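The values are calculated or read from the model by the stated rules, or taken from the named source; none is laboratory data. Computed from a predicted structure; not experimentally measured. Glycine also receives a Cβ, built like all others from the backbone with ideal geometry; neighbour counts cover every protein chain displayed.
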Amino acid sequence: MVAVYNKELLSWYLITLKLRETLKNSETEETPDHQHEQKLQIPSDSLQVMVNAEQSRSPANPQESEWMISIKEKLERASSDDVAGSWSKICIYRIPHFLRDQGLGEDKAYVPQVVSIGPYHRGKRRLLLMERHKWRALHIMLKRMRQSIKLYIEAIQELEERARGCYEGPLSLTSNEFVEMLLLDGCFILEFFRGYTEGFEILGYERNDPIFAMRGMMYSIRRDMMMIENQIPLFVLENIISLQLGDPNQKSVVADLAIIFFDPLSPIDEPLTARQMTKLKSSLHKNSVPFHPLSDQSGLHCLDVFRRSLLRKGPEAVPRHWFRKWSRGNLMADQRRTQLIHCVTDLKESGIKFKKRKTDRFWDIKFKNGVLHIPRLLVHDGTKSLFLNLVAFEQSHLNCTNDITAYVVFMDNLIDSAQDVNYLHYCGIIEHWLGNDAEVADMFNHLCQEVVFDINDSYLSKVSEEVNRYYNHRWNAWRASLKHRYFYNPWAVISFLAAVFLLLLTAGQTFYSVFSYYKPPH
């Protein structure tokens, strides 16, 4: 008996038996026993032909074939991903897991809580409430401008491919969904920008509007718009504003509006002056010369524009290159090697003084003659989220400097405890609206965990070297110790001088006693 496991082979076998039986009956009449025996036999030549045909149709190892096919598919996918120039277009990144998964509550600083901008957080349940207000903003804008929605859709469709290239990783949105998302989010952002500058009532919103009004919701929306995962390309906003104003030369107005809108998040204690605000607002009118501090630069998105405005007239560092960015000789992820300087308490003991520097550039730190001049820094509820997203952007984007990261690392080194924050507050360097000094110290100590930082590629490296050189000089430490112990107030100085005077008197008395012993008076 032959056991046949293949269904196709069994079919061929039954057909062969049927044909053989028909041929036998037509030729000669055989005995029943012999006929039964012939039915059970399988012709060797027919079986061999069927086996060869089966082997030719199916490979020797089906599992290996499927494995090879999957490998080829993966290689084809990698080939499509490795398109020349595709990576250089990315400017809106997802937060790396090594920055997000720290277990310290930083995830809330990266994830929007009120409104989603862009595709990364689109469709999340807690953010769906704001979608109806996006449609309402689009409706009011079209009604105010007396324009057709078709005009904007056609303009955004032309930018779809370029806009998709700005995002990291493949997006699941269809072409229509992606264009709809860019139009809704872009108009929503611009309505907030213009309403904050010109007035929401002038744009057609009610005074008691739940969203588009100067209320508490404004702060949450502004904070969400500053997150790196919550961005749309700046050129999309520029094209929409050009259609609204009817002038393609007014694209730079978006940068002006962004600087005004995000100014309350700035860590600088001084807001924009009235003169700056007037110039920025005047740029919204037709036939006006656009004004903004980034006129000679191109922004990528709102976060990048605000970062550039914070670093205006900043240090011109050379953009990092790939081999420099990932060179293990230069980059330090090890916390033992990211120590630029010692903490405030240690520096005080070595005689270094701290003074507030009068400037609107919070990063502009100088060291001269034993005095560390640090600009005033305002720390509020949004400072942590702002710094975390700025650092994450600098960690992700290749063609930008690491100036914000360098400043945050420098301040992290300075501040180790609440006592350090208290002394900097006493010197007028740090002003904070948090609960206590310990919260400020905890914030700075957690800002740069797992951050890859190049010490040699920092604009503060020279300042750090000068501070460390002064700190390591023994005479400075001895002089500081003497001053700390004996000259910390006027009464201590008087006591020290009196002690020295008594010591001199005692020494003089001893000298004359010994002198009179060896040379008694005649």
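Could you grab me the full set of residues in the range 420-467 that are touching a strand residue (DSSP E or B) at 6+ places or on another chain (Cβ under 8 Å) and at pLDDT below 90?
Within the range 420-467, Trp433, Leu434, Val452, Phe453, Asp454, Ile455 meet the criteria.
Mind telling me which of the residues Val236, Val179, Val253 ends up being free of Cβ contacts under 8 Å to residues at least 40 places away in the same chain, surrounded by 21 or more Cβ atoms within 10 Å (Cβ to Cβ), under 16 Å from Leu138 (Cβ atoms) and of a type in the set (A, V, I, L, M)?
Just a single option satisfies the conditions, and that option is Val179.
Only one of these is out of contact with any helix residue (DSSP H, G or I) (no Cβ under 7 Å at 6 or more places or on another chain) and modelled with pLDDT under 60: His484, His473. Name it. Even if it seems obvious, please write down each step before you answer.
Working: His473 fails: modelled with pLDDT under 60.
Step by step, each of His484, His473 is checked, and only His484 is out of contact with any helix residue (DSSP H, G or I) (no Cβ under 7 Å at 6 or more places or on another chain) and modelled with pLDDT under 60.
Would you say Val115 is modelled with pLDDT of 95 or more and not in a helix (DSSP H, G or I)? Can you show your working first?
Values: modelled with pLDDT of 95 or more: yes; not in a helix (DSSP H, G or I): yes.
When the stated conditions are applied, Val115 passes them.
Can you tell me how many residues in the range 156-176 are surrounded by 14 or more Cβ atoms within 10 Å (Cβ to Cβ) and either assigned to a helix (DSSP H, G or I) or among the acidic types (Asp, Glu) (or both)? So that I can check it myself, show each step before the final result.
Looking only at the range 156-176, we keep the residues that are surrounded by 14 or more Cβ atoms within 10 Å (Cβ to Cβ), and these are 156-157, 159-160, 163-168, 171, 173.
Add one more test, that the residue is either assigned to a helix (DSSP H, G or I) or among the acidic types (Asp, Glu) (or both), and what stays is 156-157, 160, 163-164, 168.
Total meeting the criteria: 6.
Across the range 63-82, which residue is farthest from Leu171 (Cα to Cα) among those that are acidic (Asp, Glu) and modelled with pLDDT of 75 or more? Reasoning before the result, please.
Initially, the range 63-82 is screened for residues acidic (Asp, Glu), giving 64, 66, 73, 76, 81-82.
Of the ones still in play, those that are also modelled with pLDDT of 75 or more are 66, 73, 76.
Numbers: Glu66: 28, Glu73: 20, Glu76: 19 Å.
Top of the filtered list is Glu66.
Matching residues to (1) touching a strand residue (DSSP E or B) at 6+ places or on another chain (Cβ under 8 Å); (2) in contact (Cβ under 8 Å) with a residue 60 or more places away in the chain:
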{"residue": "Gly351", "(1), (2)": "no, yes"}
{"residue": "Phe354", "(1), (2)": "yes, yes"}
{"residue": "Thr359", "(1), (2)": "yes, no"}
{"residue": "Phe362", "(1), (2)": "yes, yes"}
{"residue": "Lys368", "(1), (2)": "no, no"}
{"residue": "His373", "(1), (2)": "yes, no"}
{"residue": "Val391", "(1), (2)": "no, yes"}
{"residue": "Asp403", "(1), (2)": "no, yes"}
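Within the range 129-146, is even one residue more than 18 Å from the chain's Cα centre (by Cα), among the β-branched types (Val, Ile, Thr) and part of a helix (DSSP H, G or I)? First the steps, then the outcome.
Step one: list which residues in the range 129-146 are more than 18 Å from the chain's Cα centre (by Cα), which gives 129-146.
Subsequent filtering for residues that are among the β-branched types (Val, Ile, Thr) retains 140.
Checking which are part of a helix (DSSP H, G or I) leaves us with 140.
Yes; the residues of the range 129-146 include at least one that is more than 18 Å from the chain's Cα centre (by Cα), among the β-branched types (Val, Ile, Thr) and part of a helix (DSSP H, G or I).
Could you grab me the full set of residues in the range 83-111 that are more than 21 Å from His301 (Cα to Cα) and at pLDDT below 60?
Val83, Ala84, Gln102, Gly103, Leu104, Gly105, Glu106
Test each condition in (1) crowded, with 20+ Cβ neighbours inside 10 Å; (2) modelled with pLDDT of 90 or more for Asp263 and report the one that comes out false.
That leaves (1) as the condition not met.
Would you be able to say whether some residue in the range 210-223 is of a type in the set (A, V, I, L, M, F, W, C), modelled with pLDDT of 95 or more, not assigned by TED's automatic domain parsing to the domain that holds Asp457 and not in a helix (DSSP H, G or I)?
no
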